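Only the coordinates and a few stated rules stand behind these numbers; no lab work does. Predicted model only: the values in this text are computed from it and were never measured. All Cβ positions, even for glycine, are placed from backbone atoms using ideal geometry, and neighbour counts span all protein chains on display.
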Amino acid sequence: MPHPSLYAATAAPGPDCPPLEGEARADVCVVGAGFTGLSAALHLAEAGARVAVLEAEEPGFGASGRNGGQVNPGLKPDPDTIERDFGPDLGARMVALSWGAPEAVFALVRRHQIACEARQGGTLRAALGPRNAAAVEESAAQSARRSGEVLWLDAAATAAATGTDHYAGAMLDRRGGDLQPLLYARGLARAAIAQGARIHAATPARRLAREGALWRVETPRGAVRAEQVILATNGYTDALWPGLARSVVPVFSSIAATAPMPPAMQAAVLPLRASLYEAGNITVYYRVDQAGRLLMGGRGPQRPIGSTDPIRYLIAHAGRLWPGAAELDWTHGWNGQLAMTPDHYPHLHQPAPGLHAALGYNGRGVAMATVMGMELARWLRGGTPDMPVTGIKPIPFHGLWKLGVLAKVWEGRVKDRLGL
């Protein structure tokens, strides 16, 4: 069953993905039917590979179908930092891949006619105060040197774009946008199936082992034998491969959504209709969907939720941005687990011959998971990925991650209130 959310309540059903029964053979077995796994499966199947996808629940069940729907350009570090960290060749390729990722998403949507409310209306990175504004303006300058799609908006222009004077300025990247993520995941699944991929829902991968020249992925009622395996489980990664789950921090991100707003509020709230995320210590993000609903996202309880009660602070924040917003009809509240990495970069691994993994999108999963799936497909076909391939590095004291996240959230909220 899908997780309760606005998306699940309003989306058309996904494709039929029967559980795996018995033994199956494939060129590539993909574990996980989120954006990474579905994108990889689609592009591999288009290239003629026999692909089997194993999903414990259903396509888009995890954070891929529960996120804020923002299609954001780029990585967390600035372009100059990326090129310094990885050199002028690989660094420049990483910048081109990540900042161009939204266009890859919207091109996929157009090519496969995915009905997912996709809208390339831009992304705003909004600064909370003068110190944030200096950093965001520098990010805008670095991005603008590489693309004419990026603009710095001063406080007045930002107020006009957002409908609030809460921000000191913002970077507008016209390449970004938004979509309904569960519909997008289900559309990717349909496209992959149309190209010949087999997707098996309600089929968790229980054991992964090498058998001669092949990998064997065991499930409750069967197994897949394949030359190559992709692990694409991100924030829901388990112990299937040693150390992989401990190399990322799973963090719950929560969303509160309204019913369609009255016309006057629809005109007042975020009139530019770009998606927005705040450049503070603790990110709050929001957008207005095509039905005129306001979706506010941010950190919340580090446990599953199914209502707005545990995330009233997001509703209160909306009220600080726009008079009357807190009194709107807030109908849905939910969350999902994304994966954070210590270095804030996505991680691409090859821990054994024929075994590949990609995870850790740090809140930029709609665009980055899509292109990382494309990179995996290209890599398995003999290409060189435009992201670094690294070893798996388990995080020390990983078992204390929930306490660490809660401490960081409280520290970040205090800093944001103080303008630090």
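What to note about this one:
- Look at where the Cα atoms of the range 111-159 and of the range 68-94 average out, and the two centres are 15 Å apart.
- Summarised as an ellipsoid, the range 24-179 has semi-axes of 34, 19, 13 Å, derived from the eigenvalues of the Cα gyration tensor scaled by 5 and square-rooted, with the largest first.
- The range 332-347 - phi-based ³J(HN,Hα) in whole Hz, Karplus 6.51/-1.76/1.60, Gly and Pro as x: 9, x, 7, 8, x, 9, 9, 10, 9, 10, x, 9, 6, 9, x, 10
- Charge dipole (Cα centre; +1 on Lys/Arg Cβ, -1 on Asp/Glu Cβ; no other charges) of the range 6-400 amounts to roughly 440 debye.
- Gyration tensor over alpha-carbon atoms, the chain, equivalent ellipsoid semi-axes in Å: 34, 23, 20
- Antiparallel content of DSSP bridges confined to the chain, in %, to 5: 65 percent
- Shown in residue order for the range 290-298 are the 3J(HN,Hα) couplings computed by the Karplus curve 6.51 cos²θ - 1.76 cosθ + 1.60 at θ = phi - 60°: 6, 8, x, 8, 9, 10, 10, x, x Hz (x for Gly and Pro).
- Computed over the range 6-400, relative contact order equals 25 percent, with contacts defined as Cα pairs under 8 Å that lie 6+ residues apart.
- Shape of the range 219-332, Cα gyration tensor, a/c cut at 1.5: prolate
- For the range 192-211, the residues whose backbone nitrogen is under 13 Å from a point 7 Å from the Cα of Ala352, taken along Cα to Cβ, are 207-211.
- Between helix 312-321 and the chain: long-axis angle, C-alpha atoms, 0 to 90°, nearest 10: 40 degrees
- Spin-label pair Asp16-Arg303: with each label point 7 Å from Cα along the Cα-Cβ axis, the two points sit 4.0 nm from one another.
- Remark on His332: its backbone amide H falls under 5 Å from those of Ala257, a criterion applied only to residues 5 or more positions apart or on other chains, H modelled at 1.01 Å from N.
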